[in-house]
Amino acid sequence: MDYQEENNFPGELAALSILVLMVLVFFSEMIFTSKIPLFRDLGPSTYPMMLSLAQSLERGELPLWEPRLAMGFPLLANFQSGAFYLPNLVYLAFPFSTAIKASFILHTLIAALGAYFLARYWGFLRPIALIGSLLFAFGGFTVSLLNLPTHFQAAVWLPWLLLFGEKQVVSGDRWRLLVLALVATLQFLAGSPEIYAMSMALLLFDSFRMKWEGKTSYRKVFSSLLVVYILVVGLSMVQILPTLELLLEASRYQVPSFQLTTQWSFQPVDLLNLFFLDKEIDVTSFDRFQSFFSDPTPLIMSLYMGVLFPFGLWSWILTEKGTRKAVFLACIGLFLLLSMGSYTPLYRFFYNFFPLVSLTRFPQKFFFLAFVLLIYVTLRGVANLFAQLQHGKSTKLLLGPAALCGVFAVAYLLFRSSSEILLHLSGWLKGSFPDLRSAQQIISGVLLHLERQVALLVGVGTLFFLWQKEKIGKTTLELLIVGIVFADLYSAHRPYQFQTDQSILSRKPPPLEVLKDPSFYRLFFISPQSPIHPFVVLFPKAKSPADYSLFSFPTLHPNTGLFWGIQYLQDMDSLKRASYAEFVITAGKLPASNLYNLLGVLNVKYLVSLQELPPGDIIQIGYFPEYPLWVYRIEGATQRAYVVPTAIYEKEPKKVIDQLANRGFDPSRQVILDESIQLKATKDFIGEAKILTYANTKIGLDVSLNRPGILVLSDSFYPGWKVYVDGVEGKVMRANYFYRGVLLSPGEHQVVFRYRPTSFLYGTIISLSTAGLLLAYFIIRRRRIL
């Protein structure tokens, strides 16, 4: 029974074909039906942002500015927009719903193929490389990121980063250095700085491993990685500088508080999920999960690594060398502790003294580091297990999984004979005793998953035992093990796609019937749980968790209305600008009548609310009991562009907002500026502004006025906007704190606003210069070689 393998092209092609087929099977429902993933932020955040990107690409332009979001928003500056991330070209190649599917499938293929090639480069045999590919592509952490697309897009590039990183660090070849830099840049531009930083840390760790194995030197490691870091920064400046500009405008530029940072931390009991499915989909729960032993539902929904994980881990512990084992166990233990956040005092130390930790929201993301190391450990252990059993050596390598199987079997018998023990254990761990419905789900779920794990462990252990006794052949064993690993991960994680029919993106919401002129007016969404900033939204008539996602679209929850041209005041971006943060704080303290007045001044004409609103200068124009949803029109809402004869000077943001909310403020004749301008008030003032063009980065107006006045454009005041009056550049002033204003002389004028951010200009120059220098260097080098 010689466990050898020829390195041949047909064998590789067959393995890759099997891998591609498994990816297609995993997403078969998405491929063969009209369904797309819809969970958490995908509906109100990701899909509207990708729609804006797709529409910009179709027009042949970059998404520099999106006027429909947050009173006007610098979309490209949002790192998560992926404006320069090349795989996002799928949104140009396919219809939007098809592009969503293509993106998920493409990135899973990138993950699976990259992990396979990396494992093969490490010297693992084809079946073990396939197992590694399946663990990375369909493991709990990766699948959990499907509803966090920017993190998902960045994470899938890690195997390619390690593959090209190892090749470059060992060889020192400059072409490989270029490829490594391009892969790292691609991962960086995917939109997740945290995943990128952790990936680069793993690359550094992997480089040290190669140094310890005598394959390279510290000089090569540090020189290569330093050059890569510099090239990534240089090539990405076109994204970095606009993002930094947005950060300077944001209220979260400061380090998040410890409480906010650790909001999603794993509880120690969650680590049981590495070996056992500790939760299941619950169609009646708001969180869509029934967790057996912990609350609340985590950001990373699953840690499960498949039935082969305990076999590989145990084998690795028994067969790995002492020093290497100690280093890996220390690193894995550290990363697991970091992922527990507030549940371990160690995290407070790292939060205080390590910027990467303090700037990373949600400690569960650090499990990415442990996840990758655990996959490597599993593959090493499985390879050693094959090698040891092949030569008929001690079966002690199977004792660990056998013991785990015994523990699961004893737990199954105990909980089956006395469900009260299980419920008391669950209640103690969760901090509250489950109600009757939850108790029934916990009992049935735990028993079912214990049965499942016992069956899987017995099945895999039996296969290894039969192979050792030469009762089955090598090929049979390989096919069965790979098949079991895929079936295990498929059954465990396929439901985590949370798919719904794509028609939700095109079905016209009922409230649109009563919104007569939404083009140049904004909409404001009110939720009883968070009326000013709808961070928490509960729909009283939602009958299932899916309804909460589905109801977001017909009720025009921000920013779902982008699909039908709705424009919003509320800023749902994670990096909220300071002006909007001040609005949320101040507006939240206003009585209803003053709030209506403030919103009207800010160009909001329509209110959609999940509760009936107090009376004021609003008129109910629609009611939709199926949600329920009330729609109101604000009387006297200001137009998108208008001219006023009087300017009030005030720089304090809170005082400006208070004045705007005051019913004595007349927006048709007054504007509040952050600089002093003297205008002579006259009763016979006549001014008119007519919008001629309203594009993302250019707004053209015809303005006429008989006295000096201020043109007010109800779009966000933001660095990079310039104004040209009759072809001559003028000065953009901050009007009513949120918007733009321009001082005009009497007469008729052509006014053009253009968005030309210097951050984007300088970033483009640096990125193109970096690319040009790289190209010139390699052309000259090639000529010298020739």
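Normalised by residue number, the volume inside the convex hull of the Cα atoms of the range 504-634 is 107 Å³ per residue.
Cα gyration tensor of the range 563-605, axes a ≥ b ≥ c as square roots of the eigenvalues: rounded (a/c below 1.5), prolate (a/b > b/c) or oblate? Verdict is oblate for the range 563-605. Taking the centroid of alpha carbons for each part, the range 300-351 and the range 390-460 are 21 Å apart. Around the amide H of ARG577, modelled in the peptide plane, lie the amide H atoms of SER251, all under 5 Å away and 5 or more residues distant in sequence or on another chain.
Give me the dipole magnitude in Debye, nearest 20, for the range 679-722 about the Cα centre, with unit charges on the beta carbon: positive for Lys and Arg, negative for Asp and Glu.
120 debye
When ranked by the protection proxy of mean other Cβ atoms within 10 Å per residue, highest first, what sequence do the peptides 262-273, 546-557 form?
Ranked by mean Cβ neighbours within 10 Å, highest first: 546-557, 262-273.
Amide H contacts of ARG522: VAL604, LYS605, TYR606, each under 5 Å away and 5 or more positions distant or on a separate chain (H built 1.01 Å from N in the peptide plane; Pro and chain starts excluded). The magnitude of the dipole of the range 42-188, with charges of +1 and -1 set on the Cβ of Lys/Arg and Asp/Glu and taken from the Cα centre, is near 300 debye.
Relative protection proxy for 210-219, 677-686, 568-577, from highest mean packing down: 568-577, 210-219, 677-686 (other beta-carbon atoms within 10 angstrom).
For the peptides 506-515, 330-339, residues were scored by their other Cβ atoms within 10 Å and the scores averaged per peptide; the highest-first order is 330-339, 506-515.
Applied to the range 83-95, the Karplus parametrisation 6.51 cos²θ - 1.76 cosθ + 1.60 on θ = phi - 60° returns per-residue 3J(HN,Hα) values of 4, 10, 8, 4, x, 5, 5, 4, 6, 8, 7, 10, x Hz, with x for Gly and Pro.
Between the listed residues SER527, VAL732, GLY306, the Cα displaced farthest toward the positive end of the dipole of the chain, a dipole computed from Cβ unit charges relative to the Cα centre, is found at GLY306. One entry in (i) 102, 78, 49; (ii) 105, 76, 57; (iii) 110, 93, 52 is Cα extents along the principal axes in Å calculated from the shown coordinates; its label is (i). Can you spot the lysines whose alpha carbon is less than 21 Å from LYS576's alpha carbon? Ignore those fewer than 8 places along the same chain. Partners found: LYS589, LYS651, LYS654, LYS655.
The DSSP beta bridges internal to the chain are antiparallel in roughly 85% of cases. Along the range 758-771 the Karplus relation, 6.51 cos²θ - 1.76 cosθ + 1.60 evaluated at θ = phi - 60°, assigns HN-Hα couplings of 5, 4, 5, 4, 5, x, 5, 4, 5, 5, 5, 5, 4, 5 Hz to successive residues, with x for each Gly and Pro.
Rounded to the nearest 500, what is the chain's calculated 222 nm mean residue ellipticity when only DSSP H runs of at least 4 contribute -39500 (n - 2.57) each, over all residues? Please list the in-between numbers first.
Details: 27 runs with 393 residues, N = 786.
The helix contribution divided over the chain gives -16500 deg cm²/dmol.
Computed from phi, the 3J(HN,Hα) profile of the range 185-191 under the Karplus parametrisation 6.51, -1.76, 1.60 (θ = phi - 60°) reads 5, 4, 5, 4, 6, 5, x Hz, with x in place of Gly and Pro. Listing LYS220, LYS690 from fewest to most neighbouring C-beta atoms within 10 Å gives LYS690, LYS220.
Charged side chains reduced to their Cβ positions (Lys and Arg at +1, Asp and Glu at -1) give the range 641-755 a dipole of some 160 debye around its Cα centre. Within the same chain, lysines fewer than 8 places from LYS722 are excluded, and of the rest, those with a Cα less than 20 Å from its Cα are LYS690, LYS698, LYS731. Over the range 295-434, the ratio between the Cα radius of gyration and 2.2 N^0.38 Å evaluates to 1.29.
Counting Lys +1, Arg +1, Asp -1, Glu -1, what net charge surrounds GLU635 among other residues with beta carbon under 10 Å of its beta carbon? Here the charged neighbours net out to +1. Around the amide H of GLU66, modelled in the peptide plane, lie the amide H atoms of PHE73, LEU75, all under 5 Å away and 5 or more residues distant in sequence or on another chain. Could you tell me whether the range 641-755 comes out rounded, prolate or oblate from its Cα gyration tensor? Rule is a ≥ b ≥ c as square roots of the eigenvalues, rounded for a/c under 1.5, then prolate if a/b exceeds b/c, otherwise oblate. Oblate is the answer for the range 641-755, as a/c is 1.5 or above yet b/c matches or exceeds a/b.
Laboratory data are not the source of any read-out in this text; all were calculated from the coordinates shown. Everything quoted here is computed from the prediction, not taken from an experiment. Cβ: placed from backbone, ideal geometry, glycine included. Neighbour counts: every protein chain shown.
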